[in-house]
Structure formats: C-alpha cells, structure tokens
Amino acid sequence: MTDDNGTRIVSAEVLVSSPGRNFVTLRLRTADGVTGLGDATVNGRELSVVSYLRDHVTPLLIGRDAHAIEDTWQYLYRGAYWRRGPITMAAIAAVDTALWDIKAKMAGMPLYQLLGGRSRRGCLTYGHASGAELPELFDSIRAHLDQGYRAIRIQTGVPGLGSVYGVASSANAAVGDAGATSRYDHEPARRAAVPVEEEWDTRAYLRHAPRVFEDVRSEFGPELPLLHDAHHRLTPIQAAKLGKELEPYDLFWLEDVTPAENTAVLRRVREHTTTPLAIGEVFNTIWDYRELFEEQLIDYVRSPVTHAGGITALRRIFDYASVYQIKSGVHGPTDISPVGLAAALHLGVAIPNFGIQEYMKHTEATDQVFRPTYSFTDGLLAPSDEPGLGVDHDDAEADRHPYSRAYLPVNRLKLDGSMHDW
C-alpha cells in the first residue's frame, strides 16, 4: 500500500552505536519530514538484526503510508515465509515502534494518548540490587532505596562459585569504551572475540538462595517487594522446590525458573508453589503465551516491546493476558535502549493490567545519544508529554561510540564442565 501525501515513508536508516553497550536503532522519515525511532537491539546478535533490516525490510518500506501501522505489521509478519524468532520480531518491532512515534508526533500528542490515555501517574519500577556476599548486597539494597526504588530484585553470589549472572563485582567488571572497567549490575556483555565461560552449581544455589532471602527480610522487613531471577537454570522439580522454599519470604515474583522452550513444565512448578511466577523475556509472539495464559501458569508477562513485535503486538499480548488476570512485567535492562524503554512506558501507563516495570538506569553516554525525556520520581517511571515517544537520536554523539563486538557469558557445570543454561 502506498500513499501520495506527505505521510509516505521516504527514508529508512539503521543506526548502530555502542555508548557503553551496543544498540540498533531504526529511524523512519516521511515526505513531510516527520521522523520516528524504533529499537531493534538483540544482545550479542546485534548485527543479525542490522542485516535483516537493511537487506530485507527497509527496501519494502519506502513509499508506504506511515499511518498504516497495522497493515505494515501484517505485511512484514505474514508476508515473510520464515516467521517469528528474535531477529525477525525485533526488526518488526523497530518498524512498528517508529511508525507509532511518527503517528503520535503527527497528532501532536504523547504516544500514550493514542493508546487510550493514562490509567496511572507512572509505572512502578524495580531495580537490581546485588552483591557477592550479604554486606555488599545490603549496601546495594540501601543504595537503590536511596535512589527512590520501591521494589528490589535480589541476586547474590553463590559460595564456591566465581562470577555469577546479575551479581555486580569489581572483579568481574565489564570493559567499557575506553578500556576502563566499572561495576556491572546486570548482563555483563563483555567486549571480546568469544564469550567468557562461567561455572555453575545448582545444588549450591538452591541451598544458598532461601538463606539470602531470610536475611534480607530480617534486615529490611516484610513490606519491601522483593524479586528474584533464576535465569532458566532449573529443572521443573528444582524450580518447584525453590518456589516452595521461598514462600515464607513473600516474593513479588520468581522469574524464569526453568527454560522457556517447554512451557508445559510450568504445570509442575505451579502445582507445588504459590510464589508468583514471571516469564517471557525470551518469547517473541503471542503464540508463545497461549498455553501459559489459558492454564493460568504464570502471573506476569516479561516480553519487551523490542523483542515481541513492537507496540502493536505487545498490546495484543497484554489484552490476552488481562482475560486471565495476568499482569505486565516488561523486561527492561540496559540492552533495551531508551527508545524501547520509552515505548514500554507509554504502554505501561495506558494498559489496565500493568504490574511492574524493570528499570536499570542507562549510562550517561547512552542518554546523551538518545536524549530520553521520561522521568523517574519516587519509584515511578513516567513518559513525558512530548509528542511521540519522547526520545531523540543524536547522530554526532552516536558516531563517537562505534559498534564493538560483545558477548554475554556462557555457562558450564562446575562438576564436569557440561554446557548449562546461562
């Protein structure tokens, strides 16, 4: 479909930069000069999406009507024989988000107004507290509370292991643009030719985790919402055991307890524990959730706008979830760019079944590239009232941070060196 007026798309640029970590951004421009941004970042596989967009998608967009968001979504999804998957859906998400950005700018409204208007002042967020040992963890929790967070994710080191996912440590610092190191709090994507290999011991983790939450509750009391991410590392029976043992500590949720490919195994977990379950950050379409929703096997949806086909697709997922009283819990670490985070916030303030929003603050360099206008006050993230998403892209600043290959770690069992879920 094409249109002869000023809303036709005349250019589509794929922008790649690395202000602390790698981001892929799509910028669309109409004949009237209105631009829209979309996030297409897939952590550790960024250039795959770049090729998908540049070689296969952007040539199809020139001349299309920017207002035809639903038709364009269907064109890119149904029009490709090879559907779904993180690369395809991230590319579609970038196009979809950029088109919503354009439409809201043309309307002179913040995007959330086109999604039905505000349902809340802002989005409750949680931050990531971590530490190799309890004193360091407690300091991290206090620092997050001082910053205004009202919900905290808890991750700690495991006795007998070295570096562990999600646990900040100067000894395991991520290398930045100029070769400097800094404490990381999540996803240590390290700039290297191959991934770093880490060790894992599930039995040691299962012994340790409940004691950590007992100590955190003793120190910080019963009111603070606490979350925990098992990062797909457990079998169904191990996940059920952990959920049951964490029940006395009243978690807000237990996340990604077992590999997501086999959703049916969550029946085993659900029948053994009342700890709320969150899953879905590696899901890409509404079809991944059908069984989980209809059997009410989870409590929170973790998909981000960036990896689930954009605002159009994620809104459908949330509407489907609401039928079963399941809420949103959008994935929001620092590999979701400010463009993707802003899109999640516009959805979050509009939908009726919002739950919580993950929020890790981007680096100063990242914010200088993207210039976000959302705000964080008293634990709530809120989109601005700027027309569109409220995020820009500074090309000159982005050029100061060229792409640099980086990988997340891989995991091997400490016992025998077998590859294990990371």
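Taking Val50 as the residue in question, decide whether it is without any contact (Cβ under 8 Å) to a residue 60 or more places away in the chain and either closer than 21 Å to Arg316 by Cβ or small (Gly, Ala, Ser) (or both). Full working, then the answer.
Working: without any contact (Cβ under 8 Å) to a residue 60 or more places away in the chain: yes; either closer than 21 Å to Arg316 by Cβ or small (Gly, Ala, Ser) (or both): no.
No, not satisfied.
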ask   = So which residues in segment 87-140 are open to solvent by 10 Å² or more (accessible area, probe 1.4 Å) and under 17 Å from Ile9 (Cβ atoms), if there are any at all?
value = Trp100, Lys103, Lys105, Met106
key: Residue under evaluation Ala240, criteria (1) in contact with a helix residue (DSSP H, G or I) (Cβ under 7 Å, 6 or more places away or on another chain); (2) under 30 Å from Ala398 (Cβ atoms); (3) of a type in the set (Gly, Ala, Ser), criterion not met   = (2)
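Looking only at segment 141-162, how many residues end up being open to solvent by 30 Å² or more (accessible area, probe 1.4 Å) and either part of a loop (DSSP other than H, G, I, E, B) or among the hydrophobic types (A, V, I, L, M, F, W, C) (or both)?
Taking segment 141-162 first, the residues open to solvent by 30 Å² or more (accessible area, probe 1.4 Å) are 142-143, 145-147, 150, 159-160, 162.
Subsequent filtering for residues that are either part of a loop (DSSP other than H, G, I, E, B) or among the hydrophobic types (A, V, I, L, M, F, W, C) (or both) retains 143, 145, 150, 159-160, 162.
The qualifying residues number 6.
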task = Can you give me the number of residues within segment 405-415 that are over 17 Å from Leu234 (Cα atoms) and either aromatic (Phe, Trp, Tyr) or surrounded by fewer than 14 Cβ atoms within 10 Å (Cβ to Cβ) (or both)?
result = 1
query = Of the residues that sit in segment 185-234 and are touching a residue at least 24 places away in the same chain (Cβ under 8 Å) and of a type in the set (Ser, Thr, Tyr), which one is farthest from Leu137 (Cα to Cα)?
reply = Thr202
task = Kindly check whether there is at least one residue in segment 382-402 that is closer than 19 Å to Val42 by Cβ, touching a strand residue (DSSP E or B) at 6+ places or on another chain (Cβ under 8 Å), open to solvent by 70 Å² or more (accessible area, probe 1.4 Å) and outside any strand (DSSP E or B).
result = yes
query = Given the structure, is Phe376 under 17 Å from the mean Cα position of the chain (by Cα), of a type in the set (Phe, Trp, Tyr) and surrounded by fewer than 24 Cβ atoms within 10 Å (Cβ to Cβ)?
reply = no
inquiry  = Any residue in segment 3-27 that is closer than 11 Å to Val50 by Cβ and surrounded by fewer than 18 Cβ atoms within 10 Å (Cβ to Cβ) sitting within a Cβ distance under 7 Å of a residue that is modelled with pLDDT of 95 or more and aliphatic (A, V, I, L, M)? List the pairs, counting only those 6 or more apart or interchain.
reply    = Leu15/Ala398
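Quick one: which residue in Tyr165, Tyr205, Tyr184 is modelled with pLDDT of 95 or more, under 23 Å from Leu254 (Cα atoms) and surrounded by 15 or more Cβ atoms within 10 Å (Cβ to Cβ)?
After applying the criteria, what remains is Tyr205.
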remark   = Note on segment 226-245: residues open to solvent by 40 Å² or more (accessible area, probe 1.4 Å) and among the acidic types (Asp, Glu) are Glu245
ask   = Taking into account only those residues within segment 33-48 that are touching a Leu at 6+ places or on another chain (Cβ under 7 Å), open to solvent by less than 30 Å² (accessible area, probe 1.4 Å) and in a strand (DSSP E or B), which is farthest from Ala308 (Cα to Cα)?
value = Gly36
key: Hits in segment 71-86 - residues which are open to solvent by 20 Å² or more (accessible area, probe 1.4 Å) and of a type outside the set (A, V, I, L, M, F, W, C)   = Asp71, Gln74, Tyr75, Tyr77, Arg78, Gly79, Tyr81, Arg83, Arg84, Gly85, Pro86
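Can you name the residue in segment 187-201 that is at pLDDT 60 or above and among the charged types (D, E, K, R) and is also nearest to Pro333 (Cα to Cα) among such residues? Give the steps one after another, and end with the answer.
In the first step, residues of segment 187-201 are kept if they are at pLDDT 60 or above; the result is 188-201.
Subset that is among the charged types (D, E, K, R): 190-191, 197-199, 201.
On the way: Arg190: 15, Arg191: 18, Glu197: 21, Glu198: 21, Glu199: 23, Asp201: 25 Å.
For segment 187-201, the residue satisfying everything is Arg190.
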query = If only one of Ala313, Ala406, Ala342, Ala350 is under 18 Å from Val49 (Cβ atoms) and at pLDDT 95 or above, which one is it?
reply = Ala313
ask   = Quick check: anything in segment 360-371 within 23 Å of Ser140 (Cα to Cα), assigned to a helix (DSSP H, G or I), within 18 Å of the chain's Cα centre (by Cα) and in contact (Cβ under 8 Å) with a residue 60 or more places away in the chain?
value = yes
query = Restricting attention to segment 49-76, which residues are assigned to a helix (DSSP H, G or I) and in contact with a helix residue (DSSP H, G or I) (Cβ under 6 Å, 6 or more places away or on another chain)?
reply = Val49, Tyr52, Leu53, Val57, Ile69, Trp73, Leu76
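The values are calculated or read from the model by the stated rules, or taken from the named source; none is laboratory data. Everything numeric in this text was worked out from a predicted model, so none of it was measured. Here Cβ is always computed from backbone atoms with ideal geometry, including for glycine, and neighbour counts include all displayed protein chains. Side chains are part of the model used for accessible areas, which takes the heavy atoms of the whole protein and leaves out ligands, DNA and RNA. Shrake-Rupley method; radii C 1.70, N 1.55, O 1.52, S 1.80 Å.
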